[in-house]
Structures are given as C-alpha cells and as structure tokens.
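Chemist: This is the structure, below, for whatever I ask next.
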Amino acid sequence: MNQDLTARGFVCINAGSSSIKFAVYVEHGTDLVSAVRGEVDDGVSAPRLQAWAPDGARVEDSALPAGAGYDAQLAAVVDWVETHLAPARLAAVGHRVVHGGNAHAGPALVTPALLRELDALAPLAPLHQPHNLAAIGKMAQLHPDLPQVACFDTAFHLGSPRVTRLYGLPRALADDGMLRYGFHGLSYQHIVETLPALEPRARGRVVAAHLGSGASMCAMVDGRSVASSMGFSALDGLPMATRCGSIDPGLVLYLLRTRGMSADALEHLLYRDSGLLGLSGVSGDMRALLASDDPRAREAVDVFVYRIARELGSLAAAAGGLDVLVFTGGIGEHAAQIRAQVCAQAAWLGVKIDAAANAAGGPRLHAPDSAVAVWVMPADEEAVIAR
C-alpha cells in the first residue's frame, strides 16, 4: 500500500457477524483509486488481520491477540489503515448498513438521530444491523470528528413500483412501513454501474443473482430495480446458508401454537438453523455441500437451485422478459456447478451457456446462439460505498 498515495483516503467497512471486511480508496484528482482490501476473520485460534493490494499480492497477514473482541479488531483495522495510508490522510468512513427503512433512498451522514432510527430496524436484519451499527459506534469513539456515512442495501429498491412492494395486508400496516424492501442493493448498484462496459443490453431487462451465505435476486429495467426476491426482512426469498427463505406464514403460526416456541426461539430457528444448514444437516457452506456425498447435502443443493430457477422465472415476468442474467456473490462467482444447473433449468427462457467458459469462471458465459447474455461479475459493494 506504500505507493504514490496523495490527498484524501476513504475506508469502507462491511461489518459482519464473524468478520470485518474493509477497503481503502485514495483520491487522485477526480478519481478514486483502490489501494487495499482486507478483513479480520475470527480464525481458528485467534483473529487474523489480512490485506491485499489491488494486484492480489498479500500485504498483511498477522494474528491479533487471542480473545480480541470486536472493538479491538476494529481498532486494529483503523490503526493499520492509518499507518499504511500515509502520506494520504483518512478523510471519511463509509459503512454498509443492511436496512435503511423507507426514509433513505441514498447515503446518509451519520448522526445520533440516524443511529436511533437504524437501531429500531435491527429486528428486521438481526444477523447484520447490530454489527453494522457497532462498527459505526466504535469508529465514533476512535475518531469522534471523522465524518461517517451510512450506505444502505435497501436504498436501491425504494424506487420500485408501489404495487411490487405491497403485501395483502390491511393498508394501515403498509402505512406503518410493513412493505417489501429488498436487500443487497449496493451489489446490484455495482452491477448497474459496471455491466454496460461488458454488455450492450445492460440497460435492458436484467436479472442479477447475488448468491452467497446471504442470497437474493433482483430484476432491473433501465438500471432500476423493479422486483426483488427479498421483502420486509433479509429472511425472505431464496434459502440461504442458515436462513430459511420464503415459507408459508401459516407454518410460523403452527410452530408458535403447537411447539410452544417463543419469538426468540423462532427467530433463531429461521435465521440460524434453517436454509442449507437445516436442509442438509451437514453445513451451510455451499463448498462443503458440493464436496459431500451425503444425500441430504445433494438434496439441499437441489432445493437451492430449484428456488433460484423458480425465482428467475418470476423476476423475468416482472421485467417483461429477460435480456441479461448476472451471477455475483461468493457462490455466484465461484460455484460453476450451481451456475450450470440454474442455466439448464432456465433454457426455456433462451439461456444457453458455454460449458468451457463456465468452468473457467467467465466472465462471459453465454454461448453464441444464446438468446440471453449471461455474465459472472465480482461483487464490489465497497466500490459503491467509496463513490
């Protein structure tokens, strides 16, 4: 990172339940230049701070003290960034915040009032929102005068047609904010900003599949969200690593009434014990499932692919057709087998991929005679936050 860095530096933080990911950008004239990416992972015996230069070279790999908590990990990130940022100065911090509610269609400068507002939304994203806000709070302690900006995953979807956001519930509940929101908006915004350099139909009817431990899909027309698989919370839609995805609300009522489950126990079941982990009884990690010969693992993968294919049909209908299909996220970028199975089930939409290109990881996957363009694109929420 000790390169020709000048002017202002910006750090983008994506704080999760088991890791803190960060990226540093430096201002060169009117351009923002990626300087370094890194993360602190809980590790096996102690947290590790790792960082990579833009060319992929590892520039840091060090163990933090065993038992170092969240505050200590974030402090280590800030100290490392400031030490290696010179001669540039740290000018601001941007944070990924999963839920911004109905009031924020763009980034917002962090204030005490905003933090109270966002804390009230934590029950809608319990795996993410508390960690997002904890990072903001700790950064305020470390640098009380440093501007912080919250960038919301929900903001990208707020312009969706109202009819796509309404549930079949009494109107008063919608007026109180009980609407479909959609998530992974920073990832979808990155696709909107970068796909035109690859694909001439980028402003047409696009469905993007952000597939990772959290997974969702989004239909876009002319670069705008028109429908998403996630709704009021980040629990909806596709089955995920440990989240159930869409289920019949009657099943929730049944569990409450017949199993004596509390709201907290039910939340734990749906957010942490379900999805790929619950289906397989093996793991919530797609890599482990694909490597397993356990028939339950195979069935979990089959359910995941089926639900993606089914959602793709629904989103294509919402967009009025399909011109481009994009895979992103950890599974979307790296699991060629999942991409191949999804595309095989989408043949009726005109999707046809080149098997060799898919095995090689793309980025272009579609065969010459495919009616639909198919691409693999790396997720890069941090670049959107920096801009």
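Chemist: Going through Leu266, Leu211, Leu290, Leu279 one at a time, which residue ends up being more than 21 Å from the chain's Cα centre (by Cα) and closer than 16 Å to Phe327 by Cβ?
Modeler: Leu290
Chemist: In the range 147-160, what count of residues is obtained for those that are more than 13 Å from His104 (Cβ to Cβ) and open to solvent by 30 Å² or more (accessible area, probe 1.4 Å)? Break it down stepwise before answering.
Modeler: First, pick out the residues of the range 147-160 that are more than 13 Å from His104 (Cβ to Cβ): 147-148, 160.
The next check asks that each one be open to solvent by 30 Å² or more (accessible area, probe 1.4 Å); those that pass are 147.
Going through the range 147-160 one residue at a time, the tally reaches 1.
Chemist: Only one of (1) under 19 Å from the mean Cα position of the chain (by Cα); (2) surrounded by 16 or more Cβ atoms within 10 Å (Cβ to Cβ) is not met by Ala75, so which one is it?
Modeler: The one condition Ala75 does not meet is (1).
Chemist: Please state which one of His84, His99, His95 is at pLDDT below 90, surrounded by 17 or more Cβ atoms within 10 Å (Cβ to Cβ) and either of a type outside the set (Asp, Glu) or not in a helix (DSSP H, G or I) (or both).
Modeler: Sole residue among the options that is at pLDDT below 90, surrounded by 17 or more Cβ atoms within 10 Å (Cβ to Cβ) and either of a type outside the set (Asp, Glu) or not in a helix (DSSP H, G or I) (or both): His84.
Chemist: Among what's in the range 215-236 and is open to solvent by 10 Å² or more (accessible area, probe 1.4 Å) and assigned to a loop (DSSP other than H, G, I, E, B), pick the residue that is farthest from Leu277 (Cα to Cα).
Modeler: Looking at the filtered set, the residue picked out is Asp222.
Chemist: Test Ala297 against the stated conditions and say whether it is in a helix (DSSP H, G or I), in contact with a Leu (Cβ under 6 Å, 6 or more places away or on another chain) and either open to solvent by less than 60 Å² (accessible area, probe 1.4 Å) or of a type outside the set (Lys, Arg) (or both).
Modeler: Yes, satisfied.
Chemist: Would you pick out the residues in the range 161-188 that are over 17 Å from Gly237 (Cα atoms) and open to solvent by less than 50 Å² (accessible area, probe 1.4 Å)?
Modeler: Of everything in the range 161-188, those that are over 17 Å from Gly237 (Cα atoms) and open to solvent by less than 50 Å² (accessible area, probe 1.4 Å) turn out to be Ala174, Gly177, Leu186.
Chemist: Let me ask something else about it. Got a sec? Which of Leu289, Leu365, Leu325 is under 26 Å from His190 (Cβ atoms), buried (at least 20 other Cβ atoms within 10 Å of the Cβ) and in contact with a Leu (Cβ under 8 Å, 6 or more places away or on another chain)?
Modeler: Checking each option against the conditions leaves just Leu325.
Residue by residue, here is whether (1) touching a helix residue (DSSP H, G or I) at 6+ places or on another chain (Cβ under 7 Å); (2) closer than 24 Å to Arg272 by Cβ; (3) of a type outside the set (S, T, N, Q) holds:
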residue: Ala53; (1), (2), (3): no, no, yes
residue: Ala75; (1), (2), (3): yes, no, yes
residue: Glu82; (1), (2), (3): no, no, yes
residue: Val98; (1), (2), (3): yes, yes, yes
residue: Ala105; (1), (2), (3): yes, no, yes
residue: Ala125; (1), (2), (3): no, yes, yes
residue: Pro130; (1), (2), (3): yes, yes, yes
residue: Ala140; (1), (2), (3): no, no, yes
residue: Gln148; (1), (2), (3): yes, no, no
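The values are calculated or read from the model by the stated rules, or taken from the named source; none is laboratory data. Remember, predicted model here, so these are calculated numbers, not experimental data. Here the Cβ is made from the backbone with ideal geometry for all residues, glycine too, and neighbour counts use every protein chain on show. With ligands, DNA and RNA removed, areas are computed over all heavy atoms of the protein, side chains included. Shrake-Rupley method; radii C 1.70, N 1.55, O 1.52, S 1.80 Å.
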